[in-house]
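Please treat every number below as a calculation from the coordinates, not as lab data. The structure displayed is predicted, hence computed values, not measured ones. Glycine also receives a Cβ, built like all others from the backbone with ideal geometry; neighbour counts cover every protein chain displayed.
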Amino acid sequence: MGEERIFWPNHFERHVNVIIPKIRKFILGYKLLENFLSLETNPDDEESLEFYSDLYNDMSPLLTEITCYLINNGYSGKRRRVDESIRLSQKILGLLKLLDKRYVVSITSQDPISDSRWYQASSKSNREIVEEISILTKEMYSLHKEIKG
């Protein structure tokens, strides 16, 4: 007597939710950020600014898609960890956006720090911005440990 499946065909496709790969890519972005922060590079270097700019440009649309998905599917407001993660992610990306703008100034201006656009969005130094990102990143990871443990 062979195995018969009443409800599933012998070969069925498992559909992966389209948001899952985007969430994974977003988490990988945070791992990259965490690793880069641990290197303690000079936040005023053009290479550092380029890293933060690229990270912002990669992660910003992902966060928008993830947030829209959570809201549209009724997940928003149901889990504290999810809501706090989104809130902290938005803060971190806001700070990365400042560094992204400064990167653009650094590659388009002869003297970026004297350029009025450098401090247009914030009077904080790059080091202060990166320190704030580092604090928020640690808060994000402690939030996950606090809720799990």
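Positive contributions from Lys and Arg (+1) and negative ones from Asp and Glu (-1), summed over other residues with Cβ under 13 Å from the Cβ of residue 125, come out at -1.
I need the shape label for the range 19-141. Rule: rounded when a/c is under 1.5, else prolate if a/b > b/c, else oblate, with a, b, c from the alpha carbon gyration tensor. Provide the component values of the computation, followed by the final result.
Working: a/c = 2.17, a/b = 1.95, b/c = 1.11.
Because a/c hits 1.5 or more and a/b exceeds b/c, the range 19-141 counts as prolate.
Taking label points 7 Å from Cα along the Cα-to-Cβ direction, residue 31 and residue 81 give a separation of 1.8 nm.
Counting charges near residue 70 (Lys, Arg +1; Asp, Glu -1) among other residues having Cβ under 15 Å from its Cβ returns a value of +3. From the alpha carbon centroid of the range 83-108 to that of the range 21-75 is 9 Å. Estimated from the Cβ-Cβ distance and a Förster radius of 35 angstrom, the FRET efficiency linking residue 68 and residue 124 is about 0.75.
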